[in-house]
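Encoded as C-alpha coordinates, the structure appears first; notes follow it.
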Amino acid sequence: MSEQRALLVVDVQRGFEDPTLGPRDNPAAEENIARLIAAWRRRGDPIVFVQHDWPGGPLERGTPGFELKDTVAGEPDLRIVKTVHSSFHGDVDLDAWLRERGIGAIAVCGIQTNFCCETTARIGSDLGYDMWFVLDATHTFDNATSDGEVVPAAEIARMTGINLQDEFGDVVTTATACT
(Lines give C-alpha, C1' and ligand atoms only; values in the text may rest on other atoms or scores of the structure.)
Protein backbone atom coordinates (compact mmCIF):
# COMPACT_ATOMS: atom_id res chain seq x y z
CA MET A 1 0.00 0.00 0.00
CA SER A 2 1.13 3.53 -0.71
CA GLU A 3 1.82 6.06 2.00
CA GLN A 4 -0.96 8.24 0.66
CA ARG A 5 -3.95 8.98 2.86
CA ALA A 6 -7.20 9.80 1.12
CA LEU A 7 -9.21 12.70 2.51
CA LEU A 8 -12.91 11.84 2.75
CA VAL A 9 -14.99 15.03 2.85
CA VAL A 10 -18.37 13.78 4.00
CA ASP A 11 -21.67 15.59 3.35
CA VAL A 12 -20.50 19.21 3.56
CA GLN A 13 -23.76 20.29 1.98
CA ARG A 14 -25.86 23.45 2.04
CA GLY A 15 -28.86 21.62 3.49
CA PHE A 16 -27.06 21.45 6.83
CA GLU A 17 -27.54 25.22 7.10
CA ASP A 18 -31.27 24.57 7.66
CA PRO A 19 -32.16 26.27 10.99
CA THR A 20 -34.70 23.54 11.81
CA LEU A 21 -31.75 21.22 12.51
CA GLY A 22 -31.09 23.26 15.66
CA PRO A 23 -27.92 24.43 17.37
CA ARG A 24 -24.58 23.09 16.15
CA ASP A 25 -21.11 22.92 17.58
CA ASN A 26 -17.73 23.87 16.12
CA PRO A 27 -18.23 27.02 14.04
CA ALA A 28 -14.66 26.50 12.71
CA ALA A 29 -15.49 23.17 11.03
CA GLU A 30 -15.82 24.54 7.50
CA GLU A 31 -12.64 26.59 7.80
CA ASN A 32 -10.77 23.49 8.98
CA ILE A 33 -12.22 21.42 6.14
CA ALA A 34 -10.96 24.02 3.66
CA ARG A 35 -7.50 23.83 5.29
CA LEU A 36 -7.50 20.04 4.92
CA ILE A 37 -8.51 20.20 1.25
CA ALA A 38 -5.75 22.75 0.57
CA ALA A 39 -3.13 20.60 2.36
CA TRP A 40 -4.17 17.46 0.46
CA ARG A 41 -3.98 19.35 -2.85
CA ARG A 42 -0.50 20.70 -2.02
CA ARG A 43 0.69 17.15 -1.34
CA GLY A 44 -1.09 15.67 -4.33
CA ASP A 45 -2.94 13.19 -2.12
CA PRO A 46 -6.39 11.91 -3.14
CA ILE A 47 -9.55 13.76 -2.16
CA VAL A 48 -13.04 12.23 -2.14
CA PHE A 49 -16.19 14.38 -1.91
CA VAL A 50 -19.26 12.60 -0.61
CA GLN A 51 -22.84 13.87 -0.86
CA HIS A 52 -25.85 12.46 0.93
CA ASP A 53 -29.06 12.25 -1.08
CA TRP A 54 -31.69 12.46 1.66
CA PRO A 55 -35.08 12.10 -0.06
CA GLY A 56 -37.63 14.33 1.66
CA GLY A 57 -34.92 15.90 3.81
CA PRO A 58 -32.78 19.02 3.58
CA LEU A 59 -30.15 17.23 1.44
CA GLU A 60 -32.45 15.88 -1.26
CA ARG A 61 -30.87 15.57 -4.71
CA GLY A 62 -32.14 18.26 -7.07
CA THR A 63 -32.59 20.83 -4.28
CA PRO A 64 -30.17 23.61 -3.26
CA GLY A 65 -29.52 21.71 -0.03
CA PHE A 66 -27.90 18.84 -1.95
CA GLU A 67 -25.17 21.16 -3.27
CA LEU A 68 -21.79 21.31 -1.58
CA LYS A 69 -20.93 24.34 0.55
CA ASP A 70 -18.45 26.82 -0.94
CA THR A 71 -15.84 25.47 1.49
CA VAL A 72 -15.62 22.36 -0.67
CA ALA A 73 -13.99 23.91 -3.72
CA GLY A 74 -12.41 22.41 -6.79
CA GLU A 75 -12.74 18.97 -8.28
CA PRO A 76 -12.13 15.86 -6.20
CA ASP A 77 -10.38 12.73 -7.37
CA LEU A 78 -13.67 10.92 -6.73
CA ARG A 79 -17.25 12.01 -6.03
CA ILE A 80 -19.70 9.67 -4.31
CA VAL A 81 -23.44 10.05 -3.78
CA LYS A 82 -24.99 7.92 -1.05
CA THR A 83 -28.40 7.42 0.55
CA VAL A 84 -27.11 5.76 3.72
CA HIS A 85 -24.71 6.82 6.47
CA SER A 86 -21.48 5.22 5.23
CA SER A 87 -19.42 6.69 2.42
CA PHE A 88 -18.38 3.11 1.65
CA HIS A 89 -21.95 2.33 0.53
CA GLY A 90 -22.56 4.88 -2.20
CA ASP A 91 -22.96 4.88 -5.95
CA VAL A 92 -19.22 4.18 -6.28
CA ASP A 93 -17.45 1.40 -4.38
CA LEU A 94 -15.06 3.48 -2.26
CA ASP A 95 -13.27 0.43 -0.87
CA ALA A 96 -12.52 -0.88 -4.39
CA TRP A 97 -11.44 2.58 -5.57
CA LEU A 98 -8.98 2.96 -2.68
CA ARG A 99 -7.58 -0.57 -3.05
CA GLU A 100 -7.13 -0.20 -6.83
CA ARG A 101 -4.85 2.74 -6.04
CA GLY A 102 -3.02 1.00 -3.19
CA ILE A 103 -4.33 3.50 -0.64
CA GLY A 104 -4.45 2.04 2.86
CA ALA A 105 -5.17 5.15 4.93
CA ILE A 106 -8.06 7.60 5.21
CA ALA A 107 -8.81 10.89 6.98
CA VAL A 108 -12.47 11.61 7.67
CA CYS A 109 -13.99 15.08 8.03
CA GLY A 110 -17.39 16.65 7.37
CA ILE A 111 -20.96 16.70 8.66
CA GLN A 112 -22.40 15.22 10.91
CA THR A 113 -19.75 14.13 13.38
CA ASN A 114 -21.79 11.36 15.00
CA PHE A 115 -23.71 10.08 12.00
CA CYS A 116 -22.18 9.86 8.53
CA CYS A 117 -18.64 10.82 9.58
CA GLU A 118 -18.53 8.35 12.46
CA THR A 119 -20.13 5.57 10.40
CA THR A 120 -17.64 6.12 7.57
CA ALA A 121 -14.74 6.05 10.05
CA ARG A 122 -15.92 2.86 11.74
CA ILE A 123 -16.49 0.99 8.48
CA GLY A 124 -13.19 2.24 7.05
CA SER A 125 -11.41 0.94 10.13
CA ASP A 126 -13.25 -2.38 9.97
CA LEU A 127 -12.15 -2.71 6.34
CA GLY A 128 -8.53 -2.36 7.46
CA TYR A 129 -7.76 1.28 6.67
CA ASP A 130 -5.47 3.29 8.93
CA MET A 131 -8.09 5.83 9.99
CA TRP A 132 -7.73 9.42 11.12
CA PHE A 133 -10.85 11.17 12.38
CA VAL A 134 -10.28 14.92 12.12
CA LEU A 135 -12.66 15.90 14.90
CA ASP A 136 -12.19 19.68 14.67
CA ALA A 137 -13.11 19.46 10.97
CA THR A 138 -16.56 18.02 11.74
CA HIS A 139 -19.70 19.37 13.31
CA THR A 140 -23.03 18.09 14.54
CA PHE A 141 -26.24 19.34 16.10
CA ASP A 142 -27.89 19.11 19.50
CA ASN A 143 -29.93 15.92 19.72
CA ALA A 144 -32.53 14.56 22.11
CA THR A 145 -32.42 11.23 23.90
CA SER A 146 -35.39 8.86 23.80
CA ASP A 147 -36.68 10.44 27.03
CA GLY A 148 -36.44 13.95 25.61
CA GLU A 149 -33.24 15.18 27.30
CA VAL A 150 -31.35 17.45 24.90
CA VAL A 151 -27.67 16.59 24.58
CA PRO A 152 -25.51 19.50 23.37
CA ALA A 153 -23.71 19.03 20.06
CA ALA A 154 -20.29 19.60 21.67
CA GLU A 155 -20.91 16.71 24.08
CA ILE A 156 -22.05 14.45 21.24
CA ALA A 157 -18.87 15.28 19.29
CA ARG A 158 -16.70 14.66 22.35
CA MET A 159 -18.28 11.22 22.84
CA THR A 160 -17.77 10.39 19.17
CA GLY A 161 -14.07 11.18 19.57
CA ILE A 162 -13.87 9.03 22.70
CA ASN A 163 -15.64 6.15 20.96
CA LEU A 164 -13.35 6.21 17.93
CA GLN A 165 -9.96 6.86 19.57
CA ASP A 166 -7.73 3.80 19.65
CA GLU A 167 -10.46 1.24 18.94
CA PHE A 168 -11.05 2.48 15.37
CA GLY A 169 -8.10 4.75 14.67
CA ASP A 170 -6.69 8.08 15.75
CA VAL A 171 -8.65 11.21 16.51
CA VAL A 172 -6.48 14.05 15.23
CA THR A 173 -6.66 17.82 14.77
CA THR A 174 -6.61 19.71 11.51
CA ALA A 175 -3.15 21.05 12.40
CA THR A 176 -1.81 17.51 12.81
CA ALA A 177 -3.45 16.25 9.63
CA CYS A 178 -2.11 19.16 7.56
CA THR A 179 1.55 18.54 8.46
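The values are calculated or read from the model by the stated rules, or taken from the named source; none is laboratory data. Since the model is a prediction, treat every value here as computed from it, not as a measurement. Glycine also receives a Cβ, built like all others from the backbone with ideal geometry; neighbour counts cover every protein chain displayed. Areas reflect the complete protein model, heavy atoms only, side chains present, ligands, DNA and RNA absent. Shrake-Rupley method; radii C 1.70, N 1.55, O 1.52, S 1.80 Å.
Counting only residues that are open to solvent by less than 40 Å² (accessible area, probe 1.4 Å) and either assigned to a helix (DSSP H, G or I) or of a type outside the set (A, V, I, L, M) (or both), how many does the stretch 74-83 have? Reasoning before the result, please.
Step one: filter the stretch 74-83 for residues open to solvent by less than 40 Å² (accessible area, probe 1.4 Å), giving 76, 78, 80-82.
Imposing the further condition that a residue be either assigned to a helix (DSSP H, G or I) or of a type outside the set (A, V, I, L, M) (or both) reduces the set to 76, 82.
Of the residues in that region, 2 qualify.
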>> If I go through the stretch 39-73 residue by residue, how many of them are in contact with a Phe, Trp or Tyr (Cβ under 9 Å, 6 or more places away or on another chain), open to solvent by less than 50 Å² (accessible area, probe 1.4 Å) and part of a loop (DSSP other than H, G, I, E, B)?
In response: 6
>> Quick test of your reading of the structure: Gly62 fulfils all but one of (1) modelled with pLDDT of 95 or more; (2) at negative phi. Name the failing condition by number.
In response: (2)
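Do we find that Gly15 is touching a residue at least 24 places away in the same chain (Cβ under 8 Å), more than 14 Å from the chain's Cα centre (by Cα) and open to solvent by 20 Å² or more (accessible area, probe 1.4 Å) in this structure? Break it down into steps so the answer makes sense when it comes.
Values: touching a residue at least 24 places away in the same chain (Cβ under 8 Å): yes; more than 14 Å from the chain's Cα centre (by Cα): yes; open to solvent by 20 Å² or more (accessible area, probe 1.4 Å): no.
No: the conditions fail for Gly15.
Matching residues to (1) modelled with pLDDT of 95 or more; (2) open to solvent by less than 60 Å² (accessible area, probe 1.4 Å); (3) in a strand (DSSP E or B); (4) farther than 20 Å from Trp40 by Cα:
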| site | (1), (2), (3), (4) |
| --- | --- |
| Trp132 | yes, yes, yes, no |
| Asp136 | yes, yes, yes, no |
| Ala157 | yes, yes, no, yes |
| Thr160 | yes, yes, no, yes |
| Ala175 | yes, yes, no, no |
>> Going by what's in this entry, would Ala96 be described as open to solvent by 10 Å² or more (accessible area, probe 1.4 Å), farther than 18 Å from Ile37 by Cα and aliphatic (A, V, I, L, M)?
In response: yes
> Does Arg101 meet the test of being under 16 Å from the mean Cα position of the chain (by Cα), surrounded by fewer than 22 Cβ atoms within 10 Å (Cβ to Cβ) and of a type in the set (Lys, Arg)?
Replying inline: no
> On the given criteria, is Phe88 within 25 Å of Ala38 (Cα to Cα), in contact (Cβ under 8 Å) with a residue 24 or more places away in the chain and surrounded by 21 or more Cβ atoms within 10 Å (Cβ to Cβ)?
Replying inline: yes
> Is it true that Pro27 is surrounded by fewer than 19 Cβ atoms within 10 Å (Cβ to Cβ), of a type outside the set (D, E, K, R) and either out of contact with any Phe, Trp or Tyr (no Cβ under 6 Å at 6 or more places or on another chain) or without any contact (Cβ under 8 Å) to a residue 12 or more places away in the chain (or both)?
Replying inline: yes
> Which residue pairs have Cβ atoms closer than 6 Å, lie 6 or more positions apart in sequence or on different chains, and pair a first residue in the stretch 39-53 that is touching a residue at least 24 places away in the same chain (Cβ under 8 Å) and within 15 Å of Lys69 (Cβ to Cβ) with a second residue that is open to solvent by 10 Å² or more (accessible area, probe 1.4 Å) and part of a strand (DSSP E or B)?
Replying inline: Phe49/Arg79; Gln51/Val81
